[in-house]
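J.: Could you have a look at this structure, given as structure tokens, before my questions?
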Amino acid sequence: MTQTMKLYLVRHGEAEHNVLGVGSSLPEITERHLTERGRAQIRAVAESLKDKPIAAIVSSPLVRTRETAAIISEAIGVPVDIDDRLHETTLGIFNEKPLRLFFDKYPNPEMRISPDEKDGVESYIDMRGRLERFLSDLAQHYPGQSVVIVSHGDPIEQIHGILTHEAPGISSTGWSPAKGSCTEMTWSGE
């Protein structure tokens, strides 16, 4: 029997790589910290979560998401767990390069369902697989509870797509979380 969960999908606040317009994924070659604007965005998110009965905060391992999760943790008094499955899209040869190069090659998000293998870019299908496994484990560990998930734009789009039963390509072209935003969703755990 599944129990309905409340999920708070938090996209990290504005970070240095956003301002610089460069890709930043695993392996994290250069630590990209939150900007002051990004910290302010997340302080506002943390304030909105203060009175919620949060059981856990689970974060991507990248610096900008760990900093985001730490601000929320400090405000609501819940420790942070790191889960590698919440990491940013693997950018392969585009990691640490100007993002315009990535988007020149992949102007249509649906092209990322099956990207060029030699680029080393993670497909939406592979991303969806790791996120489905993450959500399955989350439902087992926190049935009927409220959890904050701190991640990145693409993974949050795909989590949203899983929860709303959208295909990977549709998830990448519809709803998109703003930097430093929190989206509340109810999920049956299935």
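The values are calculated or read from the model by the stated rules, or taken from the named source; none is laboratory data. Quick caveat: nothing in here was measured; it's all calculated off a predicted structure. Glycine also receives a Cβ, built like all others from the backbone with ideal geometry; neighbour counts cover every protein chain displayed. What goes into the accessible areas is simple: the full protein's heavy atoms, side chains included, and nothing from ligands, DNA or RNA. Shrake-Rupley method; radii C 1.70, N 1.55, O 1.52, S 1.80 Å.
J.: Tell me whether the stretch 135-145 contains one or more residues that are hydroxyl-bearing (Ser, Thr, Tyr) and part of a helix (DSSP H, G or I).
T.: As a first pass, look at the stretch 135-145 and keep what is hydroxyl-bearing (Ser, Thr, Tyr): 136, 142.
Among the residues that remain, those that are also part of a helix (DSSP H, G or I) are: 136.
Within the stretch 135-145 (the criterion being hydroxyl-bearing (Ser, Thr, Tyr) and part of a helix (DSSP H, G or I)), the answer is yes, since at least one residue qualifies.
J.: When you scan the stretch 59-78, do you find a residue that is open to solvent by 30 Å² or more (accessible area, probe 1.4 Å), at pLDDT 95 or above and more than 16 Å from residue 10 (Cβ to Cβ), even just one? I'd like the intermediate steps shown before the answer.
T.: Our first condition is that a residue be open to solvent by 30 Å² or more (accessible area, probe 1.4 Å); within the stretch 59-78, this holds for 66-67, 70-71, 74-77.
Next, only the ones that are at pLDDT 95 or above stay: 66-67, 70-71, 74-77.
Filter again for more than 16 Å from residue 10 (Cβ to Cβ), leaving 77.
Checked against the condition, which is being open to solvent by 30 Å² or more (accessible area, probe 1.4 Å), at pLDDT 95 or above and more than 16 Å from residue 10 (Cβ to Cβ), the stretch 59-78 yields at least one hit.
J.: Can you tell which of 161, 180, 169 is closer than 24 Å to residue 80 by Cβ, small (Gly, Ala, Ser) and open to solvent by less than 30 Å² (accessible area, probe 1.4 Å)? Step through it out loud before you land on a result.
T.: Details: 161 fails: closer than 24 Å to residue 80 by Cβ; 169 fails: closer than 24 Å to residue 80 by Cβ.
Testing whether each residue is closer than 24 Å to residue 80 by Cβ, small (Gly, Ala, Ser) and open to solvent by less than 30 Å² (accessible area, probe 1.4 Å) leaves just 180.
J.: Every residue in the stretch 92-118 that is closer than 19 Å to residue 15 by Cβ and either in a loop (DSSP other than H, G, I, E, B) or among the β-branched types (Val, Ile, Thr) (or both), please.
T.: 95, 96, 97
J.: Another question about this same structure. Can you pull out every residue in the stretch 32-46 that is open to solvent by 20 Å² or more (accessible area, probe 1.4 Å) and either within 15 Å of residue 59 (Cβ to Cβ) or among the basic types (Lys, Arg) (or both)?
T.: Selection gives 32, 33, 37, 39, 43.
J.: Further question on the same structure: Only one of (1) under 28 Å from residue 47 (Cα atoms); (2) out of contact with any strand residue (DSSP E or B) (no Cβ under 9 Å at 6 or more places or on another chain); (3) not β-branched (Val, Ile, Thr) fails for residue 122. Which number is that?
T.: Condition (1) is where residue 122 drops out.
J.: Which strands (runs of 3 or more DSSP E) does the stretch 1-91 wholly contain that include 3 or more residues that are touching a residue at least 24 places away in the same chain (Cβ under 8 Å) and either closer than 21 Å to residue 129 by Cβ or out of contact with any helix residue (DSSP H, G or I) (no Cβ under 7 Å at 6 or more places or on another chain) (or both)?
T.: Working: elements: 5-11, 54-59, 80-82.
Of the strands (runs of 3 or more DSSP E) lying wholly inside the stretch 1-91, those with at least 3 residues that are touching a residue at least 24 places away in the same chain (Cβ under 8 Å) and either closer than 21 Å to residue 129 by Cβ or out of contact with any helix residue (DSSP H, G or I) (no Cβ under 7 Å at 6 or more places or on another chain) (or both) span 5-11, 54-59.
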